[in-house]
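Chemist: Sharing a structure, written as structure tokens. Questions coming.
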Amino acid sequence: MKILECTDRTPALLAQLLDVWERSVRATHTFLSEPEILRIRQYVPEALGGVAHLFAALDEDGRPLGFMGVQDGSLEMLFLAPQARGRGLGRQLLQYGIDRCGVERLTVNEQNPAARGFYEHMGFAVYKRTETDEQGGPYPLLYMRREV
């Protein structure tokens, strides 16, 4: 497995990352309804194209197993293909972001306790909570920052 920055965000690459996103969300975001997943899915390509630094973790055949987006010291997204969960890939990606991009804060859905636990294990702590997500949806967010 290797981690590469996606400087050339081709339509083919974005389609592969969108597939990873959707499979990851279906495996971990059980609080989202099918219509909500499909609604959010429409915005993912724009988010992938607009984040300052996009990194993909590739398998030996060059296929993405996970990805993360980083901007201004904030982890904007981190998603893993279901088959890659629990194998250290999330830790490798996040540590890469911390070491190379200065990741010091992130936001996570409160209804995703596995992600919260992972980020706490990686040294992040909650400093703020909101009742809704950035779009006003009924999905409380936890704002976390790295405790050094």
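The values are calculated or read from the model by the stated rules, or taken from the named source; none is laboratory data. Not measured: the values here are computed from a predicted model. When we count neighbours, we look across all protein chains shown, and the Cβ atoms used for this are built from the backbone with ideal geometry, even at glycine. The protein model used for the area step is the full one, side chains on, heavy atoms only, and it has no ligands, DNA or RNA in it. Shrake-Rupley method; radii C 1.70, N 1.55, O 1.52, S 1.80 Å.
Chemist: Answer with yes or no whether residue 88 is within 19 Å of residue 36 (Cβ to Cβ), surrounded by fewer than 12 Cβ atoms within 10 Å (Cβ to Cβ) and either acidic (Asp, Glu) or over 11 Å from the mean Cα position of the chain (by Cα) (or both).
Modeler: Criteria not met by residue 88.
Chemist: Identify all residues within segment 30-43 that are assigned to a helix (DSSP H, G or I) and either open to solvent by less than 60 Å² (accessible area, probe 1.4 Å) or within 17 Å of residue 90 (Cα to Cα) (or both); write none if there are none.
Modeler: Once the filter is applied, which keeps residues that are assigned to a helix (DSSP H, G or I) and either open to solvent by less than 60 Å² (accessible area, probe 1.4 Å) or within 17 Å of residue 90 (Cα to Cα) (or both), segment 30-43 yields 36, 37, 40.
Chemist: Okay, moving on. Name the single residue, out of those in segment 1-29 being outside any helix (DSSP H, G or I) and without any contact (Cβ under 8 Å) to a residue 60 or more places away in the chain, that is farthest from residue 50 (Cα to Cα).
Modeler: Top of the filtered list is 2.
Chemist: Which pairs have Cβ atoms under 6 Å, sit 6 or more apart or on different chains, and link a residue in segment 124-135 that is touching a residue at least 24 places away in the same chain (Cβ under 8 Å) and open to solvent by less than 30 Å² (accessible area, probe 1.4 Å) to one that is part of a strand (DSSP E or B) and not charged (D, E, K, R)?
Modeler: Partner pairs satisfying both residue conditions: 133/141.
Chemist: Return the total of residues in segment 102-119 being open to solvent by 30 Å² or more (accessible area, probe 1.4 Å) and in contact (Cβ under 8 Å) with a residue 24 or more places away in the chain.
Modeler: 10
Chemist: Follow-up. Could you list all residues from segment 44-67 that are at pLDDT 95 or above and assigned to a loop (DSSP other than H, G, I, E, B)?
Modeler: Hits for segment 44-67 are 51, 52.
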